[in-house]
Amino acid sequence: METTRTLPEPVPALAMTHGGKFHADDVFSTALLRLLRPDIRVRRGLRVPEGFEGLVYDIGGGRFDHHQQGAPVRANGVPYAAFGLLWREYGPLVLAKGIPPEAVAEEAARFDEKFVQPLDRDDNTGCGHLLAEIIGAFNPVWDSEESADRCFEEAAAFAGVILKKRLEALFAMYRARTLVEAALARMENGVVVLERFAPWKGVLVPSAAVFAVYPSQRGGWTAQSVPAEKGGGALKCPFPSAWAGRTEQELPAVSGIPGLTFCHNNRFLIAAKTREEAVAACLAALQAKEREEAASGEKAGEGAEEEAGEGAKRAKPAL
């Protein structure tokens, strides 16, 4: 049965894991512990010494091992490995450093599902996982004289970079949310203007926003149409089809916007020289969509009238 510790014990200065060949499980466990306590000393061995005082993982049958009978299994059926057990204990503590307290439990569960569980599953079943294979490649080859412990340290440092980058990306997403929500509050005519780029889809897709405008890393300004739904290819309002794929020389005349320099062939993104011109492109796209919808409605109405007229003719009795 799965349990959750609300107050994790402090990470001690000493820890131990198994020696010999290492895997993504014990390597990422080590990386996680070093995120929490950079000065932790990790020993490797084939058995836990009598009276060892420290945190033991992936060996010894204790709280952070999973090789014994009755080892913990998640509610969804994915068995825990040492990495998952340590994440369950200490993951919320790591996340609390960079996201709001009310989001910690949800993000800890999401990180477990997306990142930790695939590695735990591979360690328990041998099902295969690319990152686990990469970590495994750090082991000395069969005829090498390299120290397995030194190779383990290389692998743990590599895993530490990956883990740190994944967490930094998550923390950055929450910083972006604050910035984008403030810009959304200032939205006009469905256009949200960001003073600097920040990941915006998580906030704007479910909102009433239709376009996001922000400074381009290449200079000038960019505008993007907001997707109609998360992960979908449909757009709330594509840029006009007449702009798609046109050259920088053609676009000003076609669009009527002097500083318009690019429109993606798939009509989801434009580039312009100024913020005002990027916003003008968004407003022009909205107007073009309104005209298309109006024309489509008139056409549908004319079709209905014609069909009704034909029906009346067919229904008219012969004299």
Helix 24-36 sits off the longest principal axis of the Cα atoms of the chain, rounded to the nearest 10 on a 0 to 90 degree scale, by 90 degrees
For MET16, MET173, ascending order of other Cβ atoms within 10 Å (fewest first) is MET173, MET16
For THR261, the residues 5 or more places away or on another chain with a placed amide H closer than 5 Å to its own amide H are ALA271, ALA272, LYS273
In degrees, nearest 10, the alpha-carbon axis of helix 148-185 is tilted away from the dominant principal axis of the alpha carbons of the chain by 30 degrees
Calculate how steeply helix 82-95 sits against the longest principal axis of the alpha-carbon atoms of the chain, using the helix alpha-carbon long axis, and give the answer as 0 to 90 degrees to the nearest 10.
-> 60 degrees
Residue-averaged 222 nm ellipticity for the chain, from DSSP H runs of 4+ at -39500 (n - 2.57), nearest 500 = -14500 deg cm²/dmol
Three-way shape call for the stretch 15-114 based on the alpha-carbon gyration tensor, with the a/c threshold at 1.5 | oblate
Calculated P(r) over Cα pairs in 20 Å bins from 0, in percent (choose from (1) 24, 43, 26, 6; (2) 21, 28, 20, 14, 8, 4, 3, 1, 0; (3) 25, 35, 28, 10, 2, 0), label = (3)
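Readers should treat all values here as calculations from the given coordinates under stated rules, not as data from a laboratory. Since the model is a prediction, treat every value here as computed from it, not as a measurement. For neighbour counting, all protein chains shown are included, and Cβ atoms are generated from backbone atoms with ideal geometry for every residue, glycine included.
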